[in-house]
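Here's the structure we're looking at; comments come further down.
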Amino acid sequence: MLETNVTRLLRIKYPIIQAPMAGGPTTPGLVAAVSNAGGLGSLGAGYLAPEQVRSAIREIRQLTDRPFGVNLFVPEESRASDETISKMNEVLNGYREKLGIDANPAIPKYSESFEEQAEVLLEENVPVFSFTFGIPSAKRLEAMRQQGIVLVGTATTVDEAMKLEAAGVHAITAQGSEAGGHRGTFLKKAEESLIGTMALVPQMVDLVSVPVIASGGIMDGRGLVASLALGASAVQMGTAFLACSESGAHTAFKQKILTANEDSTEITSVYSGKAARGIRTEFMREMEAYTSDIPEYPIQNALTRDIRQAAARANNPEYMSLWAGQGLRLAGERTAAETVEVVIKQAEELVSLMGKLGGKRS
Ligand SMILES: Cc1cc2nc3c(=O)[nH]c(=O)nc-3n(C[C@H](O)[C@H](O)[C@H](O)COP(=O)(O)O)c2cc1C
């Protein structure tokens, strides 16, 4: 009943993609459980070292023989002077002191090597490669395509979608402004590219010919059916899977997901230097005073890592990043398979109800 271009492209039963969520939530167990349930599980591998990416992929393969995706962050140029970094470290040292960790930690590198991570994806021959924050080189994409890997890019505007299509991706994730986590914006400023899912999806569908995957604020069968009605061929859901039993999100984070509301989130750059939507925290509120001093992504992300990790060890969500979308009241504490099942059941009921309503009118 819910077969689409994307279910055929990805060889999955249902048009549901569990969003890649770097930083811990998308464990191999979660990815495999979603794929086993008929959706597409995706590993958020952006922060993993190449050998960690390889072992996570191998673990997923031990848990499922179904297709799955692996997601990486396309690297971007960023620079910060020693002065900017030491100024920010002075501010962050206050948090480090409160958390009992060392001031001015040594940071050997700001991010993992995208090219080395991508090489692992080729060597392991992953079924689906999705990416965000830009477009990988033509050479890299061609190597993936040659090997039969399905390519999925992320766009927050129609112009970005057209660039992705020209680069030869097989499908595009339309990331609406409701979405949790980092914005995939790569052409304009993030604040100039905040288009809601309802407005973004049909405009993108009209202007690109590859299938569009709706993402941002989609939490249940209603969101799935609405997305299909807008012309999307599947949905990508993140927040809906965060509190699942297989999710690796911290317990305090899961608790926040289950108790927060539609107005609990905000878009902030204070954690990473890049705009991202998350549940408001003390850190977000206090760091607002320093927004003009924040180095760009991934520098700020690396600078705050020890603070976020120490906060997690101390079960203190106020200094952790709690990335989440605006559909929070609809999040539930289910297994991943139950989540897929509930969404599909509700969508199928709605589709048959709509058929009846249409029947009455004719
Ligand atoms: C905790 C969290 C981490 C995320 N990490 C990634 C990521 O690593 N790569 C990516 O492409 N998108 C990432 N996203 C964004 C999702 O792909 C997707 O756009 C978003 O979850 C959709 O909105 P929703 O959370 O309202 O479902 C993340 C989202 C969340 C909530």
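Using only the heavy atoms of the protein chains and a 1.4 Å probe, how would Met354, Met198 rank by accessible area, largest first?
Highest to lowest solvent-accessible surface, that is Met198, Met354.
How far is the Cα center of segment 16-73 from the Cα center of segment 240-318, in Å?
22
Once ligands and nucleic acids are excluded and a 1.4 Å probe is used, how much of Leu328 is accessible, expressed in Å² to the nearest 10?
0
Rounded to the nearest 20 debye, what is the charge dipole size of segment 120-258 about its Cα centre when +1 sits on each Lys and Arg Cβ and -1 on each Asp and Glu Cβ?
180
So what are the ³J(HN,Hα) numbers for segment 212-228, from phi and the Karplus equation (6.51, -1.76, 1.60; θ = phi - 60°), rounded to whole Hz, Gly and Pro as x?
Per-residue couplings from phi come out as 10, 10, 7, 8, x, x, 8, 10, 8, x, 5, x, 5, 5, 4, 5, 5 Hz.
Where both partners of a DSSP beta bridge lie in segment 160-298, what percent of those bridges are antiparallel, to the nearest 5? Display every interim value, and only then the final one.
Working: 6 of 13 bridges.
Within segment 160-298, antiparallel bridges account for around 45 percent of the total.
If the only charges are +1 at each Lys and Arg Cβ and -1 at each Asp and Glu Cβ, what is the size of the charge dipole of segment 130-206 around the Cα centre, to the nearest 20 debye?
Value, rounded to 20: 320 debye.
Go through 103-114, 69-80 and give me the packing order, highest mean Cβ count within 10 Å leading.
Highest-to-lowest ranking by the protection proxy: 69-80, 103-114.
Can you sort His250, His182 by solvent-accessible area, 1.4 Å probe, largest first?
So the residues, ranked largest to smallest area, are His250, His182.
Kirkwood Rh, Cα Rg: Rg to Rh for segment 161-222? Please report the intermediate quantities before stating the final value.
Details: Rg = 11.5 Å, Rh = 12.1 Å.
That ratio is 0.95, to two decimals.
Of the cross-linked pairs Lys189/Lys256; Lys13/Lys345; Lys13/Lys163; Lys109/Lys188, which ones have a Cα-Cα span greater than 24 Å in the structure shown?
Where the Cα-Cα span goes over 24 Å, the pairs concerned are Lys189/Lys256; Lys13/Lys163; Lys109/Lys188.
Relative contact order for segment 184-274: what percent, with Cα pairs under 8 Å and sequence separation of 6 or more?
It rounds to 19 percent for segment 184-274.
Amide H to amide H, which residues 5 or more places from Gly41 or on other chains are under 5 Å from it, using H placed in the peptide plane?
Under 5 Å from the amide H of Gly41: Gln18, Ser35, Gly69.
Out of all DSSP beta bridges in the chain, what portion is antiparallel? Express it as a percent rounded to 5.
Within the chain, antiparallel bridges account for around 20 percent of the total.
Hey, in the GNM for the chain with a 10 angstrom Cα cutoff, which one of Tyr319, Tyr47, Tyr290 fluctuates hardest?
Maximum among the listed residues: Tyr290.
Lys and Arg at +1, Asp and Glu at -1: add these up for the other residues within a Cβ distance under 14 Å of Arg277 and post the number. Provide the component values of the computation, followed by the final result.
Numbers: positive: Arg183, Lys256, Lys274, Arg280; negative: Glu178, Glu191, Glu262, Asp263, Glu266.
Charge balance near Arg277 sits at -1.
Answer with one residue from His170, Ala138, Ala49: the one whose Cα lies farthest towards the positive end of the charge dipole of the chain, charges on Cβ with Lys, Arg +1 and Asp, Glu -1.
Of the candidates, His170 comes out farthest on the positive side.
By what distance, in whole Å, do the Cα atoms of segment 1-127 stretch along each of the three principal axes, largest value first?
Reported extents, whole Å, longest axis first: 57, 30, 26.
In segment 258-362, with Lys and Arg counted as +1 and Asp and Glu as -1 at Cβ, which of these residues, Met287, Val342, Asn316, has the Cα nearest the positive end of the dipole, that is, farthest along it?
Val342
Once amide H atoms are placed 1.01 Å from N in the peptide plane, what residues at a sequence separation of 5 or more from Tyr47, or on another chain, have their amide H within under 5 Å of its amide H?
Gly23
Stick to Cα atoms and the Kirkwood definition of Rh, then tell me Rg/Rh for the chain.
Rg/Rh for the chain comes to 0.96.
Please state the charge dipole magnitude for the chain, taken about the Cα centre, from unit charges on C-beta atoms (+1 on K and R, -1 on D and E), reported in debye and rounded to the nearest 20.
980
The values are calculated or read from the model by the stated rules, or taken from the named source; none is laboratory data. Remember, it's a predicted structure, so these values are computed and weren't measured experimentally. We place every Cβ from the backbone using ideal geometry, glycine too, and count neighbours over all the protein chains shown. Side chains included, ligands, DNA and RNA excluded: accessible areas come from the protein's heavy atoms. Shrake-Rupley method; radii C 1.70, N 1.55, O 1.52, S 1.80 Å.
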